[in-house]
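Please see the structure below; I have some questions.
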Ligand SMILES: [Zn+2]
């Protein structure tokens, strides 16, 4: 709830944060989409560990594909036995034989997908629209006669004839398929486009029977904005992966999505945001893919401030340049001293070192740092203790020297 003493107060008003007033759910696909990223392959043990972490973090659904290999089948089966709170979805092709494999894992939720754009029908499945529809509906009926909960993904929906897309969604809706996923498989939507496509489907189905997922690819860097626009049009679940990796440029990152939902959409999720940095680190360890240091929320530089005028403001009140406390997402605030330190920065640095200082010395040090031309010379975590020290103790003598 916006408060007038909150530095973000007016931003929340511009954002109209409370407008939608609904909870937007998260499905994490690190174990499915994530593993489709070139070079990424988890061990069975790692998959189980990731599922536990995602469950503890608080995502609503976790997706894994049991059909990829015997290993994946094993992992799916084991994860299903863990008694996690998140739904575990077995992700398979829209084929009865695949659904049988999902059933064999013990899954109660099955997610099937079929490319329904003309290009996917022609080049991938080599069937007509009519044949695709018959196949999809047979599979939907098959899933329902087995008493399973289901999601159907209209792959390449954003490039599908709207008449056919709505027809397929209505059929699934009538069959009581719990969730219909609208993906922007190739990442060609702009937010308004994603809004329009989801709105069209939302207006044409009985929303008490089926809810809508959005699965947006990041080929133009618009995955998260598009997914959020889809939710403004009626979808209520966003697909993510930890750090956002997936096919090609991936999909929305779990960290950015979670924080956007809770901070600027005021969605009432119970997510343990403080796990985000650790989740990112675990994935980076498992995949060997480095997290970019400027990555929002979890990057090492996400809360790094170069000393100078920023630092003075940050020390008085971090809200001057930060939208949240780094520790709420498991990250840490850092300050950097170097050639841009300026007189303020140099003065703080001298104080930190326990040196009595006057303006002249600070100026000399600032000048010296600049002359060194070494870029960033010193980097420090600005934790609570250090902050208090700087703020409360003007002279900042180290205890030992007193
Ligand atoms: Zn995808």
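Using square roots of five times the C-alpha gyration tensor eigenvalues, list the equivalent-ellipsoid semi-axes of segment 311-392 in whole Å, biggest first. Display every interim value, and only then the final one.
On the way: eigenvalues 111, 42, 22 Å².
Those come to 24, 15, 11 Å.
If the viscosity is 1.567 mPa s and the temperature 4 °C, what Stokes-Einstein diffusion coefficient in µm²/s follows for segment 98-146 when Rh is the Kirkwood radius over Cα pairs?
110
Given contacts defined as C-alpha pairs under 8 Å and at least six residues apart, what's the relative contact order of segment 54-146, whole-number percent?
Averaging sequence separation for qualifying contacts and normalising by length gives 23 percent for segment 54-146.
Separate question: Just how many % of Cα pairs in segment 55-134 lie over 14 Å apart, if you round to the nearest whole percent?
Taking all Cα-Cα pairs of segment 55-134, the fraction more than 14 Å apart is 63 percent.
How far is the Cα center of segment 11-39 from the Cα center of segment 164-196, in Å?
17
Right, something else. Which whole-number percent is the relative contact order of segment 97-164 (Cα, under 8 Å, 6+ apart)? Could you put the intermediate results ahead of the total?
Numbers: 64 pairs, mean separation 31.4, N = 68.
In percent, rounded to a whole number, it is 46.
Compare the peptides 262-275, 324-337 by average per-residue count of other Cβ atoms within 10 angstrom and give them in order, highest first.
324-337, 262-275
If I model a spin label at residue 332 and residue 353 as a point 7 Å from the Cα along the Cα→Cβ vector, what separation in nanometres do I get?
Here the answer is 2.2 nm between the modelled labels.
While we're here: Report Rg(Cα)/(2.2 N^0.38 Å) for the chain, keeping two decimals.
In units of the 2.2 N^0.38 Å rule of thumb, it is 1.17.
If you average the sequence gap of Cα pairs under 8 Å that are 6 or more apart and divide by the length of the chain, what percent do you get for the contact order?
13
Stick to Cα atoms and the Kirkwood definition of Rh, then tell me Rg/Rh for segment 116-178. Spell out each step's value before the answer.
Working: Rg = 11.6 Å, Rh = 12.0 Å.
Value, to two decimals: 0.97.
Using 0.36 nm times the number of residues separating residue 70 and residue 383, minus their current alpha carbon distance, what extension gain do you get?
Result for the pair: 108.0 nm of gain on full extension.
Based on C-alpha coordinates, I'd like the Rg and Dmax of segment 228-309, in Å.
Radius of gyration, then largest Cα-Cα span, for segment 228-309: 14.1, 45 Å.
Right, next: If Rh is defined by the Kirkwood formula over all Cα pairs and Rg also comes from Cα, what ratio Rg/Rh do you get for segment 171-211?
Ratio of gyration radius to Kirkwood radius for segment 171-211: 1.02.
Same structure, new question: For n ≥ 4 DSSP H runs only, could you compute -39500 (n - 2.57) per run for the chain, divide by its residues and tell me the 222 nm figure to the nearest 500?
My calculation for the chain gives -11500 deg cm²/dmol from helical runs alone.
Could I have the simple spin-label model distance between residue 196 and residue 300, label points 7 Å from Cα toward Cβ, reported in nm to one decimal?
With each label point 7 Å from Cα toward Cβ, the separation is 4.4 nm.
Can you tell me the alpha carbon radius of gyration of segment 1-143 divided by the globular rule-of-thumb value 2.2 N^0.38 Å?
1.35
Provide, as a two-decimal number, the C-alpha radius of gyration of segment 1-64 over 2.2 N^0.38 Å, N being how many residues it has.
Scaled against compact globular proteins, the figure is 1.67.
Same structure again: For a Förster distance of 22 Å, can you work out the FRET efficiency between the beta-carbons of residue 130 and residue 97, rounded to the nearest 0.05?
E(calc), rounded to 0.05, equals 0.55.
While we're on this one: Subtracting the Cα-Cα distance from 0.36 nm times the residue separation, let me have the gained length for residue 361 to residue 144 in nm, one decimal.
70.4 nm
In the chain, what % of DSSP beta bridges are antiparallel (nearest 5)?
So the antiparallel bridges in the chain amount to around 10 percent.
Take the chain, connect every pair of alpha-carbon atoms lying under 10 Å apart with a spring to form a Gaussian network, then pick out the residue of 346, 253, 227 with the largest mean-square fluctuation.
Ranking 346, 253, 227 by mean-square fluctuation puts 346 first.
Now for a separate question. Going 7 Å from the Cα of residue 56 toward and past its Cβ, which residues in segment 277-292 have a backbone nitrogen under 14 Å from where you end up?
277-283
Mean-square fluctuation check for the chain, GNM, Cα pairs under 10 Å: which of 37, 360, 217 is largest?
360
Please report, to two decimal places, log10 I(q)/I(0) for segment 180-253 at q = 0.14, 0.23 Å⁻¹ as given by the Debye formula with identical point scatterers on the Cα atoms and no solvent.
-0.37, -0.90
Test of understanding: in a Gaussian network model of the chain with alpha carbons linked when under 10 Å, which of 240, 153, 128 would top the mean-square fluctuation ranking?
Of 240, 153, 128, the most mobile in the Gaussian network model is 128.
Taking 25 Å as R0, compute the FRET efficiency from the Cβ-Cβ separation of residue 371 and residue 321 and round it to 0.05.
0.35
For segment 104-238, what Kirkwood radius comes out of the mean inverse Cα-Cα distance, in Å? Before the final figure, lay out each step's value.
Values: mean 1/r = 0.0676 Å⁻¹.
Hydrodynamic radius (Kirkwood, Cα pairs) of segment 104-238 is 14.8 Å.
Values in this text are rule-based calculations from the coordinates and carry no lab data. Just so it is clear, the model here is predicted, and its values are computed rather than measured. So basically every Cβ, Gly included, is an ideal-geometry build from the backbone, and we count neighbours across all protein chains shown.
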